[in-house]
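Remarks on the structure that follows.
The values are calculated or read from the model by the stated rules, or taken from the named source; none is laboratory data. The structure presented is a predicted model; accordingly, all values stated were derived computationally and were not measured. FYI the Cβ positions are ideal-geometry reconstructions off the backbone, even for glycines, and counts take in every protein chain you see. These accessible areas exclude ligands, DNA and RNA; they are computed on the full protein's heavy atoms, side chains included. Shrake-Rupley method; radii C 1.70, N 1.55, O 1.52, S 1.80 Å.
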Amino acid sequence: MSALTRRRLVLGTAGFGAAGLVGGCDPGAPQLRPNPYGLSDWLTFAGQRLLLARQPLAREFGPEAISAVFPTINTTDPDDPAYRRSKAAGFSDWRLPVTGLVARPGAFSLAELKAMPARTQITLHSCEQGWSAIGQWTGVPLAQVLAAAGMRPEARYVVIRTVDGWWDSYDLFDALHPQTILAYGMNGADLPVAHGAPVRLRVERQLGYKSLKYLSSIEAVDRVDGIGHGRGSMVAGLGFSWYAGI
Amino acid sequence: MMIETTGRPFSRARHPAWVRLTHWTGAAATLALMVSGTAILLALPKLFWGETGSNSAPAWITLPLPVDLEQTGWARNLHFLAAWIFVLNGAAYLALALLRGHLRRRLLPAPAEIKPRALAGEIRDHLRLRCAAPPTGRYNALQKIAYLGVLLVLAPLILLTGLTMSPGVTAAWPELFTLFGGRQSARTIHFLSAFAMVAFLAIHIWQVLANRPVTLMRGMILGRAGNAEETR
């Protein structure tokens, strides 16, 4: 669906909310699907952005709530040769490039990320398959990393790629949220390989598939409608919604 | 199931257009929700209580369904599209039913109808399959209670438990978790209330088939079984 059609959608629902709250009017936003699902995706996105306008935190729990077993799905040990070498070296040579619309493009080592201000949160992980589990995550807020790289004002989205070939994008509303962290610790220990070592993303107000594992790069961009299928994420190409707040 | 009238006999009764439109829109959305909801359930055909639940945790109930992880893509798309239609359509119906007095005059049982003795008599008649429609064509008390129960209890319960599974909505309204006792509890109640909806629909459709199906279907599609003027 073209940006023009999307703009018409926004205009057609004028009064639903301040247009500025509704990312659908953003010219670089992921393209809506050219079918009725584009409309329901947009309604869900716009409705939740209104609900979340004051940027509440997702619920956090005490340590007693941590699940004894936290399921793992999809990749649980990437067979990428470079990843295997890095894993064998305790990820000492691992680097996370931060590029795109930043004043100081570069790459962070695990030690550098751990030296930055950290956040620990015990949250409920909700998988689109229906299961849910509670885990404790420790990491550096993505906002800290973007600030350290000097993200430029024209940046509107953050594209994150992984060792196992996944990629997804996040608008700044979620990317800069305090609970959106690059987690290197889980339940008080180093992040296990099965859960995305050395660093995974946590996006607590969306379904689990937005919390990518095995991060390999971060890129700040002004639009995502030209990447991949233009729908903002790898899984959107498989028929899943880019926005996964539901 | 019965056609609403202003006290005229059946042959002169009529469903207003907005009732017919919202009825069939809701029916289509409900069918889509049932099909897609079942497909979503196949990814984890187990139910749990509390916040957490997965294949590595003991389940309250394991449903006798095949496990299929590949259906959630299309099924979630269809479920949420149908859910938006179901909710907007239901809200429109409820608003019109309130504004036009439909709820009060057609659906709210009269005090005499819900006296224990009257209700017991109706239940007895239904169990003996002797539930002749009231001669005026009004809904009987059990129908009124069933319709109001679906409209004011079951449908809102399904909606709210569905929203409790949304990480975005619960970030804004964490009270939903408190209300239902956790995400998995909400998922379980969502399934149980959807199952109750299916049971209601089975009886609803059976009652139509058992009581002049052609007349009743004509009434809900074309509005008229005879040439009566429109009621509110």
> Which of the residues that make up the stretch A:183-197 are crowded, with 17+ Cβ neighbours inside 10 Å and of a type in the set (A, V, I, L, M, F, W, C)?
Replying inline: A:A183, A:M186, A:L191, A:V193, A:A197
> Does A:P178 meet the test of being free of Cβ contacts under 8 Å to residues at least 40 places away in the same chain, in a loop (DSSP other than H, G, I, E, B) and open to solvent by 20 Å² or more (accessible area, probe 1.4 Å)?
Replying inline: no
>> Residues to consider are A:A133, A:A111, A:A147, A:A107; find the one that is open to solvent by 40 Å² or more (accessible area, probe 1.4 Å) and assigned to a strand (DSSP E or B).
In response: A:A107
> Right, A:Y243: in contact with an Asp or Glu (Cβ under 9 Å, 6 or more places away or on another chain), more than 26 Å from A:A107 (Cβ to Cβ) and of a type in the set (F, W, Y) or not?
Replying inline: yes
> Can you tell which of B:A141, B:A171, B:A155 is crowded, with 17+ Cβ neighbours inside 10 Å, in contact with a Lys or Arg (Cβ under 8 Å, 6 or more places away or on another chain) and not polar (S, T, N, Q)?
Replying inline: B:A171
> Applying the selection to the stretch A:47-74, what residues are more than 24 Å from B:A83 (Cα to Cα) and polar (S, T, N, Q)?
Replying inline: A:Q55, A:S67, A:T72, A:N74
> Looking at the stretch A:213-224, which of the residues that are surrounded by fewer than 24 Cβ atoms within 10 Å (Cβ to Cβ) and either within 14 Å of another protein chain (Cβ to nearest Cβ) or within 28 Å of A:R54 (Cβ to Cβ) (or both) is nearest to the chain's Cα centre (by Cα)?
Replying inline: A:A220
> Name the helices (runs of 4 or more DSSP H) wholly within the stretch B:135-192 that hold at least 1 residues that are away from every other protein chain (no Cβ under 14 Å) and modelled with pLDDT of 95 or more?
Replying inline: B:141-149, B:155-164
>> Just to verify a result, which residue in the stretch B:39-63, among those that are touching a residue at least 12 places away in the same chain (Cβ under 8 Å), more than 10 Å from chain A (Cβ to nearest Cβ) and open to solvent by 30 Å² or more (accessible area, probe 1.4 Å), is nearest to A:A244 (Cα to Cα)?
In response: B:W49
> Taking A:R84, is it farther than 21 Å from A:A155 by Cβ, loosely packed, with under 15 Cβ neighbours inside 10 Å and of a type in the set (K, R)?
Replying inline: yes
> Which members of the stretch A:156-171 meet the condition of being part of a loop (DSSP other than H, G, I, E, B) and surrounded by 19 or more Cβ atoms within 10 Å (Cβ to Cβ)?
Replying inline: A:R156, A:V163, A:W166
> Just a yes or no: is a residue in the stretch B:68-90 within 10 Å of chain A (Cβ to nearest Cβ) and outside any helix (DSSP H, G or I)?
Replying inline: yes
> Here are some conditions: (1) within 23 Å of A:W131 (Cβ to Cβ); (2) at pLDDT 95 or above. B:S56 meets all but one. Which one does it not meet?
Replying inline: (2)
> Identify, please: which residue in the stretch A:117-130 is of a type in the set (A, V, I, L, M) and open to solvent by less than 30 Å² (accessible area, probe 1.4 Å) and is, among those, nearest to A:Y209 (Cα to Cα)?
Replying inline: A:L124
>> So A:F91 ticks every box in (1) under 21 Å from A:T120 (Cβ atoms); (2) within 14 Å of chain B (Cβ to nearest Cβ) but one. Which box is left unticked?
In response: (2)
> Give me the pairs: first residue in the stretch A:61-79 and assigned by TED's automatic domain parsing to the domain that holds A:L212, second residue exposed (fewer than 15 other Cβ atoms within 10 Å of the Cβ) and part of a loop (DSSP other than H, G, I, E, B), beta-carbon distance under 6 Å, and six or more apart or on different chains, which are they?
Replying inline: A:V69/B:S56; A:P71/B:S56
>> Looking at the stretch A:105-117, I want the residues that are of a type in the set (S, T, N, Q) and have a partner that is open to solvent by 70 Å² or more (accessible area, probe 1.4 Å) and modelled with pLDDT of 95 or more with Cβ atoms under 7 Å, at least 6 apart or on another chain. Which pairs are those?
In response: A:S109/A:R95
> Does at least one position in the stretch A:35-45 carry a residue that is hydrophobic (A, V, I, L, M, F, W, C), outside any loop (DSSP other than H, G, I, E, B), touching a helix residue (DSSP H, G or I) at 6+ places or on another chain (Cβ under 6 Å) and within 12 Å of chain B (Cβ to nearest Cβ)?
Replying inline: yes
